[in-house]
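Heads up: the structure comes next, in C-alpha cells.
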Amino acid sequence: MANYPELKGKVAVITGSSKGLGRAIGERYAKEGMNVVLNYRSSEKEMEEVIRGIEAGGGKAVAVKGDVSEEGLAEKMIEKAISEFGKMDIFVNNAGVQVEAKTHEMEFDNWKKIIDVNLNGTFLGVRAALKYFVENKIEGNIINMSSVHEVIPRPGYTHYAASKGGVKMFTKSVALEYAPNHIRVNAIAPGAIDTPINEETMSDPEEKKGLEALIPSHVIGKPEQIAAVAAWLASDESSYVTGTTIFADGGLSLYPSFGPENKVQ
Ligand code: NAI
C-alpha cells in the first residue's frame, strides 16, 4: 500500500534495520516505492531475509554492515545510496540499545555504550547527512528515533533516558540551525512497541500485563504503527514540520496516573 506517491523513487538510509522498528520502516518505505539502504551490526542472516522480503514485494534494498557509534559508517551508507540509487533524500537514525542497571552500580562502560550508540551514533548520522545535503544543496529530511523517555524519567535506565533527552534537544537545535537550508529534522518518540528490544517483557505474561496496564490505551504498539509515522515524516504531507518530536505511545506520555481509571482527583 503506497500512501504517498511523491515518495516513489526517493532514497532512504536507515540505521539498525535488520529487525524491530528499523526493519518496519525499511519495509514501509519500500512499499512506498522508495529505495532503501539498510544497516546491520552482526545479524547478516536476518538482514538478508529482510532484503529478500523487500525484493519479493518488488522493492529495492541493499545493506551496509557496521556500528553506528563508529565514525565512517554513516558516510559509507550514503556512498552506498549514491552508488546504488544515485542520491540520498532521507536519513533515519534508528539504531538504539538499552541495558538495565541501578545508577549507583552502573559500570562506566555500560553508560558509555548507551550514550555512544543512542546519542553519539545519532550525531554521526546527522552530521554525515547534513554534509551531503548542504554540499549538494538538497532540501533533505532527517528522522531521529527518540523515545517517550526523552520526557518520561526512567529509573534503572538513567543512561537511556539521558541519551534520548539528548536526542530531543539535538534534534531541535539542528532543525533550527538548518531551517534556512530547508532541511527538516524531526524525532519520533515511540512508547512500548513489540520489538526484540522488549522480548523479555513480551514473553513474560505477568510483565506484559503490567506494561499494558501502564499504557492509557492498554495496547502495546506494533512496529508498523511507528513506520507509519516515519512514512508521514518523510512525505510532503509533513513539509512544514521541523524540530519536533511526534509521540506514538498510546497515551503513555500523558501522565497516566491522572487518567480516568485512577482515583487521584
Ligand atoms: P531492536 O533491538 O529490536 O532493534 C534495534 C536495531 O538496532 C537492531 O537491528 C540492532 O542490530 C541495531 N543496532 C543496535 N546497536 C547498533 C549499533 N551500534 N550499530 C548499528 N546497529 C545497531 O530495537 P527497536 O525496538 O527496534 O528500537 C529501535 C529504536 O527505537 C531504538 O533507538 C530504541 O531506543 C527506540 N525505541 C524503541 C521502543 C520500543 O518499545 N521498541 C520504544 C522507544 C524507543
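The values are calculated or read from the model by the stated rules, or taken from the named source; none is laboratory data. Quick caveat: nothing in here was measured; it's all calculated off a predicted structure. Neighbour counts are summed over all protein chains in view; Cβ atoms, including those assigned to glycine, are modelled from backbone coordinates with ideal geometry.
What the table below lists for this structure:
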| read-out | value |
| --- | --- |
| Every pair of residues 6+ apart whose Cβ atoms lie under 6 Å, when the first sits in the stretch 187-199 and is under 18 Å from SER17 (Cβ atoms) while the second is charged (D, E, K, R) and within 6 Å of the ligand (Cβ to nearest atom) | PRO196/LYS19 |
| Filter result (buried (at least 18 other Cβ atoms within 10 Å of the Cβ), outside any loop (DSSP other than H, G, I, E, B) and over 15 Å from the mean Cα position of the chain (by Cα)) within the stretch 130-141 | LEU130, TYR132, PHE133 |
| Scope the stretch 143-163; condition free of Cβ contacts under 8 Å to residues at least 40 places away in the same chain and touching a Pro at 6+ places or on another chain (Cβ under 9 Å); matching residues | ALA161 |
| Criterion: without any contact (Cβ under 8 Å) to a residue 60 or more places away in the chain and within 22 Å of LYS8 (Cβ to Cβ) - qualifying residue of GLY57, GLY72, GLY86 | GLY57 |
| Criterion violated by SER217 - all others in (1) under 21 Å from the mean Cα position of the chain (by Cα); (2) surrounded by fewer than 18 Cβ atoms within 10 Å (Cβ to Cβ); (3) part of a loop (DSSP other than H, G, I, E, B) satisfied | (1) |
| Test: residue in the stretch 97-111 that is in contact with a strand residue (DSSP E or B) (Cβ under 7 Å, 6 or more places away or on another chain) and buried (at least 19 other Cβ atoms within 10 Å of the Cβ) | no |
| Residue ID - surrounded by the fewest Cβ atoms within 10 Å (Cβ to Cβ), chosen from residues in the stretch 25-40 that are more than 14 Å from ALA227 (Cα to Cα) and in contact (Cβ under 8 Å) with a residue 40 or more places away in the chain | ASN35 |
| Flag if TYR132 is aromatic (Phe, Trp, Tyr), more than 16 Å from the ligand (Cβ to nearest atom) and out of contact with any Asp or Glu (no Cβ under 7 Å at 6 or more places or on another chain) | yes |
| Meets criteria (closer than 16 Å to ILE197 by Cβ, of a type in the set (Phe, Trp, Tyr), modelled with pLDDT of 95 or more and in a helix (DSSP H, G or I)) for TYR178 | no |
| Boolean, ASN144 is closer than 23 Å to ILE90 by Cα, in a helix (DSSP H, G or I) and not basic (Lys, Arg) | no |
| Any hit, the stretch 162-171, residues being of a type in the set (Gly, Ala, Ser), buried (at least 22 other Cβ atoms within 10 Å of the Cβ) and assigned to a helix (DSSP H, G or I) | yes |
| Filter pass, LEU124 being surrounded by 19 or more Cβ atoms within 10 Å (Cβ to Cβ), touching a helix residue (DSSP H, G or I) at 6+ places or on another chain (Cβ under 7 Å), modelled with pLDDT of 95 or more and over 19 Å from LEU21 (Cα atoms) | yes |
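Residues checked against (1) in contact with a Ser or Thr (Cβ under 6 Å, 6 or more places away or on another chain); (2) under 19 Å from LEU21 (Cβ atoms); (3) within 16 Å of the ligand (Cβ to nearest atom):
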residue	(1), (2), (3)
LYS60	no, no, no
SER69	no, yes, yes
GLU79	no, no, no
SER83	no, no, no
LYS113	no, no, yes
LEU119	yes, yes, yes
GLY140	no, no, no
SER147	no, yes, yes
